[in-house]
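Participant: Before I ask anything, let me first share the structure, which is written out below as structure tokens.
Bear in mind these aren't lab numbers, they're just calculated from the coordinates by the rules spelled out. What you are looking at is a predicted structure, and each value in this text was computed from that prediction instead of being measured. Cβ: placed from backbone, ideal geometry, glycine included. Neighbour counts: every protein chain shown.
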Amino acid sequence: MILKQRRSFYFAISALVFAILSIVGISASIAQADSNEKPKVTIVATGGTIAGEASSRASFTSYRAGSIPMDEMLEYIQPEISEHVDVDVIQFGNSGSGGYTLEEFHELTLVVEDALEEADGVVVTSGTDTMEEFAYWLDLTVQSQKPVVMTGAMRPWSSEGEMVFGADGPANLYNSILLAGSQSTFCFGTVLMLNDEIHAAKDVTKADTYRMDTFESPNNGPLGFIDGTNISTDRAPARVQSCGDLDEWMTPFDMTEVEADDLARTEIVYTYQNAGGEAITAFAEAGVDGIVTAGTGAGGISSAQREAQNDAIENHDVVFATSSRTGAGNVYGGRDQIIAANDLIPQKARILLTLGLTYAPDNTEQVAEWFHTIGNPQFNASNVDNDDEYPTWQNNAIYVAGDRVWYDDVLYEAKWWTVNEIPSESGEWDVWKVVESEVTAS
């Protein structure tokens, strides 16, 4: 009876989620305690304020973004970071975040995926202006469950070789590397880490022009926090429910299947009092594939914009996604070639619309479905049946108790593990399963 109750509970809420949340606070210390081999993290640097050269040590707003190579920045947090993680660097670029094209985003995804072939996690540094778009793009396109962490800074790094007063870059860089190495966000997709806070790529947005706590997740709040070497999470993105099923966890947006110049062209049109429809008409006549409207309230647009929208659909086959300029809340409904963006803010809706129209250019219904599922993932316990049979476990299931694992009747010492439900050797219901592991004979 106890086993059935426990099983029902875990399946209802997802054993994977709660098992992850119960251990992420100690995952970094586990890795160090049980292994002489440190995790490997690759930094993919793109520039931004974190790599900024200021005009003086007291200058927080006058600086050249993307001026300092990551190799030099990494030296500043040595030897402390190497006590926990082995780090290498790929200098992808060195400019402000707004200077990158979607074609370069396409390349960035491939670079991150290639790095994850060997690394346990990747940190991507960028400017903060469009960091949320970097993050959501990677969240939708990286075909790996390993941690990907975005970070940056609100103040420049240094001036003539001396650190800027109160620079937040060193702490953000250090913490993001620890987070990626800890595996605490395995199966979370891409996360953003600044100011000791961890945010989901889908939810987060920049909310202030200068404050160091600029990033917020208005609808749901942060995923968790970093306090020194202590990493804790309060929640997880809904996609962790599919962690044990790689095909279900992945999105269809595999960048190896398309060329950079195949990406659909999409734009955003803002709504305001008595807004004209000329912007929609101009974009449609320019040949865009899709337009996101940033509407008032629950997505409303002006009558002139509505008229231009209807014409763009009828005469130019433009697909629209309806979002809200409010910054929080949902947009519902949709019809024909007008898709409801749910709770995606306009710039995130544009990313998903771009990918949707790239992979299903003639299937608006499919794009709308992706907005409903990938763009608005939900925890779902509605299909729970208390009388379900126990799962059928794979022949290569690895049973874990404490810091030891049994596989084919051999005892090993665990180095890395991610979690799922399995019955333990003792017959009690356990919440451990090694999905991707490195083990050494004990």
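Participant: Normalising by the residue count of the range 38-249, find the relative contact order in percent from Cα pairs under 8 Å and 6+ residues apart.
Facilitator: Values: 490 pairs, mean separation 45.1, N = 212.
About 21 percent, as a whole number.
Participant: While we're looking at this one, here's another question. For a paramagnetic label modelled at 7 Å from the Cα of residue 262 toward its Cβ, which residues of the range 293-325 fall within the zone defined by backbone nitrogen distances under 14 Å?
Facilitator: none
Participant: Only counting other Cβ atoms within 10 Å, I'd like 198, 81, 301 sorted with the fewest neighbours first. Could you put the intermediate results ahead of the total?
Facilitator: Details: 198 27, 81 20, 301 23.
Fewest to most other Cβ atoms nearby, the residues stand as 81, 301, 198.
Participant: Filter 38/206; 40/348; 146/206; 146/202 down to the pairs with a C-alpha to C-alpha distance above 23 Å, please.
Facilitator: 38/206; 40/348; 146/206
Participant: Would you mind putting 159-166, 238-245 in packing order, based on average other-beta-carbon counts within 10 Å, highest first? List each step's numbers first, then the result.
Facilitator: Values: 159-166: 13.8, 238-245: 19.2.
The densest-packed peptide leads the list: 238-245, 159-166.
Participant: Give me the distance in nm between label points sitting 7 Å out from Cα along the Cα-to-Cβ direction at residue 298 and residue 229, one decimal.
Facilitator: For the pair residue 298/residue 229, the computed spacing is 5.1 nm.
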